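One structure below.
The values are calculated or read from the model by the stated rules, or taken from the named source; none is laboratory data. None of the values given here were measured: they were computed from a predicted structure. Don't worry about glycine lacking a Cβ; one is built from the backbone with ideal geometry, like all the others, and counts go over all protein chains shown. Accessible surface areas use protein heavy atoms only, side chains included; no ligands, DNA or RNA. Shrake-Rupley method; radii C 1.70, N 1.55, O 1.52, S 1.80 Å.
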Amino acid sequence: MSRLIDVSCWNSGIDYNAVKASGIDSVIIRAGYGREVSQKDSQFENHYAGARAEEMNIGVYWYSYADSVQDAITEAESCLECIAGKQFELPIYFDMEENWQTALGRAKLTTMAKAFCQTIEEAGYRAGVYSNVNWFTNFLDYNRLAAEYSIWLAQWGSSSYSYACDIWQYADDGSVPGIDGNVDMNRVINEDIINGSGGGGGQKIYFDISMPYLAKSGYISTGEEVKTVQLLLNAMHYGDLEVDGIFGSATDQAVKRFQKSRGLDEDGIVGQDTWRYLLK
């Protein structure tokens, strides 16, 4: 297993020639955080230039402060603007670990992660999710995410990793020539993740979901779940819907267009099969 470091503005002045000479040939760089392009990591360009000069494998991560699906999409769009024009051998990861976000609940956080990753993939990049064992156990649907995206798992102080992953972050106190102070250390578990398809999809993982039935009439027609459907349909270009949480005629028609594209019954009812394809 090859070794990889991840860095941010807290790791400045890195001598990437020395890092590469020490046997580390991959790095994941923080591109930024939050909703705004102005929150681009102050050292991102320096890290990218240094690693690229040494022909290292490069990926990025975006630290999330999102509190809704729309926020996650906005964060993805800001990330894309910050990394525009650059080449990456590793995926773009959504970093979810803020304690206050756990109050949003597992279903919403998982949908947020998928919305970020879907936005990244639609721009032509590979996407993944970074988090720790606690989050993947209690606050994210690991199976659903691992079925589609690369998993970067943080699990320090352990002799092995608890979840199948492409990259395992095993320490936050590593020492590497060319870097002043400690640095996060990782092992690439799935080498195919470098310049390959890697991540979710190599091994099929089946999962069950239980979501409410939604429709213009006869089922739930208002609320947060309707907003989630509207956001997902907008993100996949099946409509330009007002995200108002009301299942009106425009949402009904967008759902039917989506169902037709997936070979489903065009009944306008967001049942389990439609949810499954929306969240896939």
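Here Arg35 does not fit the description of being open to solvent by 10 Å² or more (accessible area, probe 1.4 Å), of a type in the set (D, E, K, R) and out of contact with any helix residue (DSSP H, G or I) (no Cβ under 7 Å at 6 or more places or on another chain).
Given the structure, is Asp184 open to solvent by 20 Å² or more (accessible area, probe 1.4 Å), in contact (Cβ under 8 Å) with a residue 40 or more places away in the chain and not aliphatic (A, V, I, L, M)? Against the criterion (open to solvent by 20 Å² or more (accessible area, probe 1.4 Å), in contact (Cβ under 8 Å) with a residue 40 or more places away in the chain and not aliphatic (A, V, I, L, M)), Asp184 qualifies. Filtering the stretch 1-25 down to residues that are touching a residue at least 60 places away in the same chain (Cβ under 8 Å) and of a type in the set (Asp, Glu), which residue is most open to solvent (accessible area, probe 1.4 Å)? If we take residues in the stretch 1-25 being touching a residue at least 60 places away in the same chain (Cβ under 8 Å) and of a type in the set (Asp, Glu), then Asp15 is most open to solvent (accessible area, probe 1.4 Å). Please work out if Ser162 is polar (S, T, N, Q) and closer than 25 Å to Gln230 by Cβ. For Ser162, the condition - polar (S, T, N, Q) and closer than 25 Å to Gln230 by Cβ - is not met.
Looking at the structure I just gave you, is Ile179 under 25 Å from Glu54 (Cα atoms), crowded, with 19+ Cβ neighbours inside 10 Å and of a type outside the set (Lys, Arg)? So Ile179 fits the description; yes.
Can you confirm whether the stretch 72-86 contains a residue that is touching a residue at least 12 places away in the same chain (Cβ under 8 Å), closer than 30 Å to Leu279 by Cβ and open to solvent by 50 Å² or more (accessible area, probe 1.4 Å)? Scanning the stretch 72-86, I find at least one residue that is touching a residue at least 12 places away in the same chain (Cβ under 8 Å), closer than 30 Å to Leu279 by Cβ and open to solvent by 50 Å² or more (accessible area, probe 1.4 Å), so the answer is yes. Restricting to the stretch 143-176, name every residue that is more than 12 Å from Ile189 (Cβ to Cβ) and either buried (at least 23 other Cβ atoms within 10 Å of the Cβ) or in contact (Cβ under 8 Å) with a residue 24 or more places away in the chain (or both). Once the filter is applied, which keeps residues that are more than 12 Å from Ile189 (Cβ to Cβ) and either buried (at least 23 other Cβ atoms within 10 Å of the Cβ) or in contact (Cβ under 8 Å) with a residue 24 or more places away in the chain (or both), the stretch 143-176 yields Asn143, Arg144, Leu145, Ala146, Ala147, Glu148, Tyr149, Ala154, Ser162, Gly174, Val176. Where helices (runs of 4 or more DSSP H) sit wholly within the stretch 174-280, those with at least 2 residues that are touching a Phe, Trp or Tyr at 6+ places or on another chain (Cβ under 7 Å) and modelled with pLDDT of 90 or more occupy 224-235, 249-261.
Taking the numbered list (1) part of a loop (DSSP other than H, G, I, E, B); (2) modelled with pLDDT of 95 or more in turn, Arg35 passes all entries but (2).
Just the residues that are assigned to a helix (DSSP H, G or I) and open to solvent by 70 Å² or more (accessible area, probe 1.4 Å), please, taken from the stretch 38-59. Once the filter is applied, which keeps residues that are assigned to a helix (DSSP H, G or I) and open to solvent by 70 Å² or more (accessible area, probe 1.4 Å), the stretch 38-59 yields Ser38, Glu45, Asn46, Ala53. Residues that are of a type in the set (A, V, I, L, M), open to solvent by 10 Å² or more (accessible area, probe 1.4 Å) and within 13 Å of Gln230 (Cα to Cα) within the stretch 248-268 comprise just one, Ala250.
Which residues, counting only those in the stretch 115-142, are within 24 Å of Glu224 (Cα to Cα), within 9 Å of the chain's Cα centre (by Cα) and open to solvent by less than 10 Å² (accessible area, probe 1.4 Å)? Of everything in the stretch 115-142, those that are within 24 Å of Glu224 (Cα to Cα), within 9 Å of the chain's Cα centre (by Cα) and open to solvent by less than 10 Å² (accessible area, probe 1.4 Å) turn out to be Ala115, Phe116, Cys117, Ile120, Val129.
Answer yes or no as to whether Ile28 is β-branched (Val, Ile, Thr), crowded, with 19+ Cβ neighbours inside 10 Å, in contact (Cβ under 8 Å) with a residue 60 or more places away in the chain and closer than 20 Å to Tyr149 by Cβ. When the stated conditions are applied, Ile28 passes them.
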